[in-house]
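The structure appears below as structure tokens.
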Amino acid sequence: MGCFISRKKDKVAVVFKRVGSDADEETFVAAFKRLYPNDWLKINERWQLEEGNTLPGKKHPMQHPDVYMREMYRNHKPR
């Protein structure tokens, strides 16, 4: 799949700076969608493309957009 969001780490850092490092997943996801609507659109478009190109009965490597955002939160949350 590769990385299709440019400067993802920087953008995630900006979101955490806005909402605070103790923000929950829902707050983080809502802030990301509000601050970076074009990237949220890219995530959804990419998922739909993968979904449409996958043969019946097979799985594609990309997670559902909601799961993708939760993983982004968990992987980049400041400790």
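Data table
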read-out	value
Filter result (surrounded by fewer than 14 Cβ atoms within 10 Å (Cβ to Cβ) and part of a helix (DSSP H, G or I)) within segment 45-79	E45, Q48, L49, E51, G52, N53, D66, V67, E71, R74, N75
In segment 46-72, residue farthest from K8 (Cα to Cα) [restricted to those that are of a type in the set (K, R) and in contact (Cβ under 8 Å) with a residue 24 or more places away in the chain]	R46
Residues (over 14 Å from the mean Cα position of the chain (by Cα) and exposed (fewer than 15 other Cβ atoms within 10 Å of the Cβ)) located in segment 15-34	K17, R18, G20, S21, D22, D24
Members of segment 1-32 that are assigned to a helix (DSSP H, G or I) and touching a residue at least 24 places away in the same chain (Cβ under 8 Å)	K8, K9, K11, V12, A13, F16, E25, F28, V29, F32
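Here, each number is a calculation from the coordinates, and none is a lab measurement. The structure presented is a predicted model; accordingly, all values stated were derived computationally and were not measured. FYI the Cβ positions are ideal-geometry reconstructions off the backbone, even for glycines, and counts take in every protein chain you see.
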